Amino acid sequence: MLAIRLATAADIPALRLLVERAYRGDTARGGWTHEADLLDDERTDEQELAATLADPACRLIVALDDGRFTGTVTITRKSDTHAYLGMLCVDPDLQAAGLGRQLIAAAEAQAARDFGAAFMEMTVIDRRAELIAWYERRGYVRTGEIRPFPMPGEYPFAMVVLERALA
């Protein structure tokens, strides 16, 4: 039975493992949304997740299926009208089954309810054309803004900004 809820501090170790499994390393290659061919560092750590959980401007949402962590997404209040959707991930073994869409819907509803957001914003690595296209099919549009990759230096990436009006 699928449950989508806000994360708690007790969830942090399992969430970290889920995020790393979905984004990095060989396990991530089992799905289609990974960054394993682009990046080989850690995607997050327990301290970052704990800080997100403690931040009143953030919400960390989790999906569980019979108690097993299957997905997560983070939202952050950016302004009176905008929230930011980040770190959306689904277990690689479960991708392409609709859970990502469910997590986005939960994140959008939470952002509207908790932050009064009228718009959801996100960024995607510019080299991830298939992922950008997936978000565009979900109603997100490119704003035309390109931001620097958050880890400058050795990575020749930029971040494409997408946005969606919330109903």
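The values are calculated or read from the model by the stated rules, or taken from the named source; none is laboratory data. Note that this is a predicted model, so its numbers are computed, not measured. Note that each Cβ is placed from the backbone with ideal geometry, even for glycine, and that neighbours are counted across all protein chains shown. Side chains are part of the model used for accessible areas, which takes the heavy atoms of the whole protein and leaves out ligands, DNA and RNA. Shrake-Rupley method; radii C 1.70, N 1.55, O 1.52, S 1.80 Å.
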Inset, instruction - Those residues that are over 16 Å from Ala83 (Cα atoms), assigned to a loop (DSSP other than H, G, I, E, B) and open to solvent by less than 60 Å² (accessible area, probe 1.4 Å), I need them from region 128-167; list them, please. - result: Arg128, Arg138, Phe149, Tyr155, Phe157
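Yes/no matrix, rows are residues, columns are (1) in a helix (DSSP H, G or I); (2) modelled with pLDDT under 95; (3) of a type in the set (Val, Ile, Thr); (4) open to solvent by less than 20 Å² (accessible area, probe 1.4 Å):
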{"site": "Arg5", "(1), (2), (3), (4)": "no, no, no, no"}
{"site": "Leu18", "(1), (2), (3), (4)": "yes, yes, no, yes"}
{"site": "Asp26", "(1), (2), (3), (4)": "yes, yes, no, no"}
{"site": "Glu48", "(1), (2), (3), (4)": "yes, yes, no, no"}
{"site": "Arg59", "(1), (2), (3), (4)": "no, no, no, no"}
{"site": "Val62", "(1), (2), (3), (4)": "no, no, yes, yes"}
{"site": "Ile75", "(1), (2), (3), (4)": "no, no, yes, yes"}
Legend entry - Residue ID - surrounded by the fewest Cβ atoms within 10 Å (Cβ to Cβ), chosen from residues in region 111-127 that are more than 14 Å from the chain's Cα centre (by Cα) and under 23 Å from Ile61 (Cβ atoms): Arg113
Inset, instruction - Find the residue count for region 92-109, including only residues that are assigned to a loop (DSSP other than H, G, I, E, B) and either touching a helix residue (DSSP H, G or I) at 6+ places or on another chain (Cβ under 9 Å) or of a type in the set (Ser, Thr, Tyr) (or both). - result: 1
Inset, instruction - Give me a count of the residues in region 77-91 that are among the small types (Gly, Ala, Ser) and assigned to a strand (DSSP E or B). - result: 2
